[in-house]
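Asker: Input: one structure, supplied below.
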Amino acid sequence: MNINNLAKIDLNLLVTLQILLEEESATRAANRLNLSPSALSKSLQRLRDTLGDPLFVRNAHGLKPTAHALQLKSQLPAILQSLYQVTLPPVFTPDSSHRQFSFAMLESAYETLLPSYIGPLLKQAPLITLDIYKWTEKSMQSLLQGQIDFGITARDLHPTSDFRLNNLPQGINQTTLFTDQQICLVRAGHPILNILKTGGWNMDSYLQMSHVQVRCEGNDWWALDYHLAESGLHRRISSTLPDFYGAASVCAHSDLIFTLPSSFVPHAKKLYPLVQLPLPLTFSPLVYVLLWDKRNDDEPGHQWIRETICASIAQEMKK
């Protein structure tokens with residue numbers, strides 16, 4: 001490594017390049033960086049001069065990265081994360097820290113898990129800031145790129161699921177928070193409850209019903225649907241929604257059946273007159289997990305957050 005050459009580079013330009021690569025738009029990048037268009041244009045020209053490459057070509061949709069820029073796109077997140085680690089203090093003192101931590105959480109975990117640990121975190125570290133976002137299909141990449149610190153989501157234990165626990169990207173570490181099972185909800189007074197009383201609740205009656213489903217990470221099918229498909233069976237999904245509360249509302253105001261993690265059932269039943277039924281088939285459980293980039297394994301602040309979350313949830317699950 002030639003330190004003299006490195007000293008000539010303004011490292012702030014690497015941040016500018018990362019944002020340009022993410023946005024592929026000069027306008028959106030300028031907004032994120034709080035720069036004027038002319039200031040961003042000057043930074044881009046400096047990047048081109050420094051790296052000896054045009055980096056972007058303008059087209060009808062914005063900025064198209066060159067081959068060299070695409071190569072840098074795969075390297076920059078790790079470089080910036082390492083630079084960020086250099087700026088962090090070597091110790092973390094919860095009661096005086098002003099650190100900011102970001103989370104992406106599966107919507108069903110808001111009510112199930114967030115109340116367990118938010119109090120202990122802020123009680124011990126009252127000056128930290130916790131930014132919480134919804135878990136989406138882009139959240140895993142955001143973890144790898146250092147845009148968020150932690151993810152809390154559900155993963156399947158079914159061996160063929162795309163979202164199985166042992167199918168995490170390289171570089172992501174995890175710890176299991178708790179294990180859950182699937183259960184069913186129907187509205188009070190639903191005709192299927194008469195069948196349940198006579199012992200006629202089985203997979204055939206389950207598959208004859210119309211279902212409401214929650215879209216997970218952009219996917220309309222859950223592991224249960226793929227499991228059924230292996231036997232040539234399918235649920236009739238009549239409505240697909242982006243969140244659990246919306247699906248619970250549809251369930252409460254229709255004859256659709258809602259299959260969901262059992263941990264969310266008490267929260268849905270607080271709002272609507274719903275009746276739970278067992279899932280009429282044997283199916284593997286799912287686990288709620290805490291995810292983080294392995295580069296933060298030994299970072300004191302991240303360690304404290306993980307330990308506090310895990311201890312708080314473990315204590316809550318004992319009640």
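The values are calculated or read from the model by the stated rules, or taken from the named source; none is laboratory data. Every value quoted in this text rests on a predicted model; they were computed, and no experiment measured them. Virtual Cβ from ideal backbone geometry, glycine too; neighbours counted across all protein chains shown. Protein only, heavy atoms only, side chains kept; ligands, DNA and RNA dropped before computing areas. Shrake-Rupley method; radii C 1.70, N 1.55, O 1.52, S 1.80 Å.
Asker: Over all distinct alpha-carbon pairs, what is the Kirkwood Rh of the stretch 40-107 in angstrom?
Answerer: Details: mean 1/r = 0.0641 Å⁻¹.
Averaging 1/r across every pair of different Cα atoms and inverting gives 15.6 Å.
Asker: So, taking all protein chains as they sit and a 1.4 Å probe, how much accessible area belongs to H98, in Å² rounded to tens?
Answerer: Roll a 1.4 Å probe over it and H98 shows about 140 Å².
Asker: May I pose another question? Stretched out fully, how many nm does the piece from K318 to K134 gain, at 0.36 nm a residue minus the Cα gap?
Answerer: Values: separation 184, 0.36 × 184 = 66.24 nm, distance 2.69 nm.
Length gained, K318 through K134: 63.5 nm.
Asker: Just want the answer: with Cβ charges of +1 for Lys and Arg and -1 for Asp and Glu, which residue in T308, Q181, L17 is farthest toward the dipole's positive end in the chain?
Answerer: L17
Asker: Where the accessible area of the stretch 192-319 is counted over protein heavy atoms with a 1.4 Å probe, how much of it, in %, is carbon and sulfur? Please report the intermediate quantities before stating the final value.
Answerer: Numbers: 3100 of 5860 Å².
Summing carbon and sulfur atoms, their accessible area is 53 percent of the total for the stretch 192-319.
Asker: Let me ask something else about it. Based only on Cα atoms, what Rg/Rh ratio does the stretch 106-263 have, Rh being taken as Kirkwood's radius? Intermediate values should be presented prior to the final figure.
Answerer: On the way: Rg = 18.1 Å, Rh = 17.8 Å.
Here Rg/Rh amounts to 1.02.
Asker: Using +1 at the Cβ of each Lys and Arg and -1 at the Cβ of each Asp and Glu in the stretch 1-145, identify which of L114, L144, A29 lies farthest towards the dipole's positive end.
Answerer: Value computed over the given set: A29.
Asker: What length, rounded to one decimal in nm, is gained on full extension from T176 through to V91, with 0.36 nm per residue of separation minus their alpha-carbon distance?
Answerer: Working: separation 85, 0.36 × 85 = 30.60 nm, distance 2.60 nm.
Additional length available on full extension: 28.0 nm.
Asker: Please calculate how many Å² of accessible area the chain carries per residue, with a 1.4 Å probe and no DNA, RNA or ligand atoms counted.
Answerer: 51
Asker: Taking only DSSP H segments of four or more residues, each worth -39500 (n - 2.57), what value at 222 nm results for the chain once the sum is divided by all its residues, to the nearest 500 deg cm²/dmol?
Answerer: Numbers: 14 runs with 137 residues, N = 319.
Computed mean residue ellipticity for the chain: -12500 deg cm²/dmol.
Asker: Label S74 and T50 with points 7 Å out from Cα along Cα→Cβ: what is the distance between them in nm?
Answerer: For the pair S74/T50, the computed spacing is 2.3 nm.
Asker: Counting only protein heavy atoms and using a 1.4 Å probe, what share of the accessible area of the stretch 41-140 belongs to carbon plus sulfur, as a whole percent? Please list the in-between numbers first.
Answerer: Values: 3290 of 5680 Å².
Roughly 58 percent of what the probe reaches on the stretch 41-140 is carbon or sulfur.
Asker: Mind checking which lysines have their C-alpha under 18 Å from K269, skipping anything on the same chain fewer than 8 residues away?
Answerer: Counting by Cα, and skipping residues close in sequence, K269 has no lysines nearby.
Asker: Give me the orientation-averaged projected area of the Cα convex hull of the stretch 248-293, in nm², one decimal. Please report the intermediate quantities before stating the final value.
Answerer: Numbers: hull surface 18.7 nm².
The number I arrive at for the stretch 248-293 is 4.7 nm².
Asker: Would you list the membrane-span-like helices of the chain, meaning whole DSSP H runs whose alpha-carbon atoms span at least 18 Å along their axis and whose mean Kyte-Doolittle value is at least -1.0? Numbers along the way, then the final one.
Answerer: Values: long enough: 37-51 (21 Å, -0.51); 67-87 (31 Å, 0.32); 300-317 (26 Å, -0.26).
Span-like helices, by this rule, are 37-51, 67-87, 300-317.
Asker: In Å, what is the Rg of the alpha-carbon atoms in the stretch 241-319, and how long is Dmax?
Answerer: For the stretch 241-319, the Cα-based Rg and Dmax read 17.4, 51 Å.
Asker: Taking the simple approach of a point 7 Å from Cα along Cα-to-Cβ for both K269 and S284, what is their distance in nm?
Answerer: In this crude spin-label approximation the distance works out to 2.8 nm.
Asker: Okay, moving on. Can you tell which of I192, I128, I19 shows the greatest fluctuation in a Gaussian network model of the chain with Cα springs below 10 Å?
Answerer: Result for the chain, Cα springs under 10 Å: I19 fluctuates most.
Asker: Quick one: check the C-alpha center-to-center distance for the stretch 47-90 versus the stretch 285-319, whole angstrom.
Answerer: What the calculation gives is 32 Å, centre to centre.
Asker: Return a whole-number percent for the relative contact order of the chain, with Cα pairs under 8 Å and 6 or more residues apart as the contact set. Let's see the in-between values first.
Answerer: Details: 448 pairs, mean separation 65.9, N = 319.
Worked out over the chain, it gives 21 percent.
Asker: Which lysines does K123 reach when only Cα atoms under 25 Å apart count, and residues fewer than 8 places away in its own chain are ignored?
Answerer: Counting by Cα, and skipping residues close in sequence, K123 has these lysines nearby: K134, K318, K319.
Asker: With +1 on each Lys and Arg Cβ and -1 on each Asp and Glu Cβ, and nothing else charged, work out how big the dipole of the chain is about its Cα centre, in Debye to the nearest 20. Can you show the working numbers first?
Answerer: Values: 27 positive and 28 negative charges, 84 e Å.
Using Cβ point charges on Lys, Arg, Asp and Glu, the chain gives about 400 debye.
Asker: Of [x] 45, 25, 17; [y] 45, 20, 17; [z] 39, 20, 19, which one was derived for semi-axes √(5λ) of the Cα gyration tensor in Å from the structure shown?
Answerer: So the calculated entry is the one marked [x].
Asker: Rg(Cα) of the stretch 1-95 divided by 2.2 N^0.38 Å? Don't skip to the answer; put the middle values down first.
Answerer: On the way: Rg = 15.0 Å, N = 95, 2.2 N^0.38 = 12.4 Å.
My calculation over the Cα atoms of the stretch 1-95 gives 1.21.
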